[in-house]
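Visitor: Next up is a structure, given as structure tokens.
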Amino acid sequence: MENAIEVKELTKFYGSLLAVDHVNFEVKGKEVFGLLGPNGAGKTTTVRMICGMLRPTSGTAVVAGFDVSQKPQEAKRRIGLVPDVSNLFGELSARVNLEFMGKLYGLDKKTRRERIDQVLELFHLKERQNDLIKYYSKGMHRRLTIAAALIHQPEILVMDEPTSGLDAQTARLVREIIIDLNKEGRTILLTTHQIDEADRLAQRVGIIDRGRLIALNTPEQIKNTTEGMRALEIKILNGVDQQRWIPIISEAEGVDKAFLVEGKIRILSKDLSQVIPTVVNFVDKHGGKIENISVAQPTLEDAFINLTGKSIREEPMSKEEYLKQRLPRSGLR
Amino acid sequence: MKPLTSLMHSVWIAENDLRQSFKSVRHVVWSLLFPIFMLFTFSFRYGATGSDNTFLIPGIVGMTAMFGSINETMSIVWDKSMGVFDRILAAPVSSTSIIVGKTLAGAVMGVISALVLLIIGRTLYGVSFVNIGAVLLIILLASFSFTGIGTIISGLASEPREAMMLSNLLRFPMMFLGGVFFPIEVMPMPLPYVARAMPLTYATEALRTIQTGSTSIVFVDAMALLAYTVGTMLLGSQILMRIMTR
């Protein structure tokens with residue numbers, strides 16, 4: 001299989017709100033493809049159209065050779081969807097949930113029983129298989145959601161924010177599962193707003209922002225879009241609001257971009273030798289003291305900021321973005 | 001998709017819905033408690049024995065079918081808000097199968113709930129029905145028509161609270177104007193006309209007629225319920241279909 005998924009000019013309007021704007025990309029067979037973007041960028045809407053849960057306003061999505069609009073059942077049969085939140089039936093046990101999913105995917109009784117045993121074993125849920133899943137922990141929910149997506153052994157797995165809201169240990173486990181599933185030969189399309197996750201897992205990444213695909217390449221190639229730029233990290237002395245310094249430092253000569261990453265001010269510049277003394281003087285002039293300063297390699301996040309002009313994690317969701325996220329699930333039109 | 005496969009999908013969806021409802025004992029008890037409470041309250045008002053209860057119990061049975069069916073169908077709204085509806089939408093199941101499955105679950109719940117009240121009526125008040133086949137047919141038709149109303153509410157409501165308000169807006173006027181507690185003949189104008197616009201009125205009238213051993217108006221009532229079923233189902237499924245294929 002050359003391309004597992006082909007998306008051409010995919011567009012979705014919710015009323016007058018443009019959620020996905022003429023998006024084009026292909027997911028090659030057996031690759032992990034990451035769709036990276038901030039909340040409300042259009043990732044989930046794109047995924048829902050690929051999975052046949054939402055009708056595109058225009059454009060096409062082809063899954064395993066089947067046009068999703070023309071042959072939705074054929075396309076759906078080849079996809080396993082792991083949504084961003086566990087959406088199994090809380091009042092039922094894991095086994096009954098999986099049984100139901102197996103039935104909907106047309107598995108006969110014997111195959112169902114075998115597959116259920118297999119996935120329960122694989123995801124270490126066998127001991128709790130008869131407990132109502134409303135009593136499961138978040139991590140168990142996530143594992144069961146992936147198990148449910150695998151019950152019909154799909155060739156393509158679509159994972160929407162697979163580690164969102166999980167603790168570090170469970171997130172690591174889910175990432176390991178993704179790597180294992182890909183090694184087994186499954187194509188994986190994952191959406192994420194976590195840059196390091198896309199960097200670590202995906203062989204190719206598409207960056208989506210405000211409904212438009214603005215970059216598509218390997219993580220390494222995307223990082224190269226910051227070519228010629230270097231990164232500098234500084235921390236102003238303790239007790240000072242680092243965020244306050246961002247607009248001030250952005251004014252300094254030679255600074256291309258300044259933003260906050262994990263409590264440190266990250267500066268992108270084409271000429272570090274000039275910018276280091278300038279920034280030090282600038283901070284000093286504005287009454288600050290630098291606690292530490294270090295030079296770093298540009299990351300995917302730097303590339304993201306370079307491309308979009310904003311940080312992926314710090315931008316609050318606008319009202320429009322909130323509505324866009326809410327619309328598909330609420331049934332409002 | 002083959003018709004048999006589509007039908008099986010509907011049956012599994014209905015089975016899954018009912019399994020969830022019956023898994024929660026509290027859910028079943030609470031949903032039956034209201035009609036039982038109304039039965040006890042009004043039977044005290046009317047007197048524990050005598051012809052008043054033969055008037056009251058058929059109405060309560062119809063009302064219970066209404067509550068059971070609409071409550072069950074409103075699980076669609078919960079499913080939408082919890083995202084579990086998406087799970088079914090992502091599976092290779094046709095929209096028609098989903099609607100038929102949800103409808104089946106609603107109708108079955110309506111029939112089961114009504115049967116419980118029928119048994120209580122017979123055991124505690126000695127009110128029995130001779131033609132049980134006709135009773136079951138009316139309860140089934142009534143349950144399907146109430147389920148149709150439930151699907152309309154579920155399609156229109158964007159979240160569970162809105163669905164609750166919408167359903168109360170329809171259920172409570174139906175309960176008081178549908179001839180359950182008072183004959184529509186004693187209602188002042190124009191309330192009898194309003195009552196005639198409600199499916200519960202026909203269910204109550206038919207069950208009451210069957211209870212007296214007559215069948216005079218039952219056919220007309222059954223046809224009215226059938227018309228309601230077709231009408232509400234068509235409208236409800238149109239609304240749901242728009243949501244599912246948007």
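The values are calculated or read from the model by the stated rules, or taken from the named source; none is laboratory data. Remember, it's a predicted structure, so these values are computed and weren't measured experimentally. Using ideal geometry, Cβ is built from the backbone for each residue, glycine included, and neighbour counts are taken over all protein chains shown.
Visitor: Identify all residues within the range A:237-283 that are exposed (fewer than 14 other Cβ atoms within 10 Å of the Cβ), under 18 Å from A:P298 (Cβ atoms) and not charged (D, E, K, R); write none if there are none.
Guide: Residues satisfying the conditions are A:S273, A:Q274.
Visitor: Restricting to helices (runs of 4 or more DSSP H) lying wholly in the range B:169-246: which have 1 or more residues that are within 14 Å of chain A (Cβ to nearest Cβ)?
Guide: Of the helices (runs of 4 or more DSSP H) lying wholly inside the range B:169-246, those with at least 1 residues that are within 14 Å of chain A (Cβ to nearest Cβ) span B:218-244.
Visitor: B:F40 versus (1) of a type outside the set (D, E, K, R); (2) touching a residue at least 60 places away in the same chain (Cβ under 8 Å); (3) within 30 Å of B:V218 (Cα to Cα): which is the lone unmet condition?
Guide: Result: B:F40 passes all but (2).
Visitor: Is there any pair linking a residue in the range B:1-29 that is more than 7 Å from chain A (Cβ to nearest Cβ) to one that is surrounded by 13 or more Cβ atoms within 10 Å (Cβ to Cβ) and hydroxyl-bearing (S, T, Y), with Cβ under 6 Å and at least six apart or on different chains, and which?
Guide: Cβ pairs passing all conditions: B:S6/B:S94; B:S6/B:S97; B:S10/B:S97; B:D17/B:S75; B:H27/B:S21.
Visitor: On the basis of being of a type outside the set (D, E), within 20 Å of B:P160 (Cβ to Cβ) and assigned to a helix (DSSP H, G or I), does B:S6 make the cut? Outline the logic, then answer.
Guide: Details: of a type outside the set (D, E): yes; within 20 Å of B:P160 (Cβ to Cβ): no; assigned to a helix (DSSP H, G or I): yes.
It is false that B:S6 is of a type outside the set (D, E), within 20 Å of B:P160 (Cβ to Cβ) and assigned to a helix (DSSP H, G or I).
Visitor: For the subset of the range A:57-88 comprising residues that are among the acidic types (D, E) and within 13 Å of another protein chain (Cβ to nearest Cβ), which member is nearest to A:S16 (Cα to Cα)?
Guide: Looking at residues that are among the acidic types (D, E) and within 13 Å of another protein chain (Cβ to nearest Cβ), I get A:D84.
Visitor: Looking at the range B:132-142, is at least one residue touching a residue at least 60 places away in the same chain (Cβ under 8 Å) and either within 14 Å of chain A (Cβ to nearest Cβ) or of a type in the set (F, W, Y) (or both)?
Guide: No, the conditions are met nowhere in the range B:132-142.
Visitor: Going residue by residue through the range B:70-93, is there one that turns out to be of a type in the set (A, V, I, L, M), more than 8 Å from chain A (Cβ to nearest Cβ) and farther than 22 Å from A:N87 by Cβ?
Guide: Yes, the range B:70-93 contains a residue that is of a type in the set (A, V, I, L, M), more than 8 Å from chain A (Cβ to nearest Cβ) and farther than 22 Å from A:N87 by Cβ.
Visitor: Something else now. Is it true that some residue in the range A:24-41 is farther than 23 Å from A:I222 by Cβ and either touching a His at 6+ places or on another chain (Cβ under 9 Å) or without any contact (Cβ under 8 Å) to a residue 12 or more places away in the chain (or both)?
Guide: no
Visitor: Additional query: Could you tell me whether any residue of the range A:151-170 is in contact with a Pro (Cβ under 9 Å, 6 or more places away or on another chain), in the same structural domain as A:F33 (by TED's automatic domain parsing) and in a helix (DSSP H, G or I)?
Guide: No - not one qualifying residue is present in the range A:151-170.
Visitor: Then there is this: In the range A:133-156, which residue that is in contact with a Ser or Thr (Cβ under 6 Å, 6 or more places away or on another chain) and either free of Cβ contacts under 8 Å to residues at least 12 places away in the same chain or within 14 Å of chain B (Cβ to nearest Cβ) (or both) is nearest to A:F33 (Cα to Cα)?
Guide: A:I156
Visitor: Let me ask another. In the set A:F13, A:F25, which member is over 29 Å from A:E184 (Cα atoms) and not acidic (D, E)?
Guide: Exactly one of A:F13, A:F25 is over 29 Å from A:E184 (Cα atoms) and not acidic (D, E), namely A:F13.
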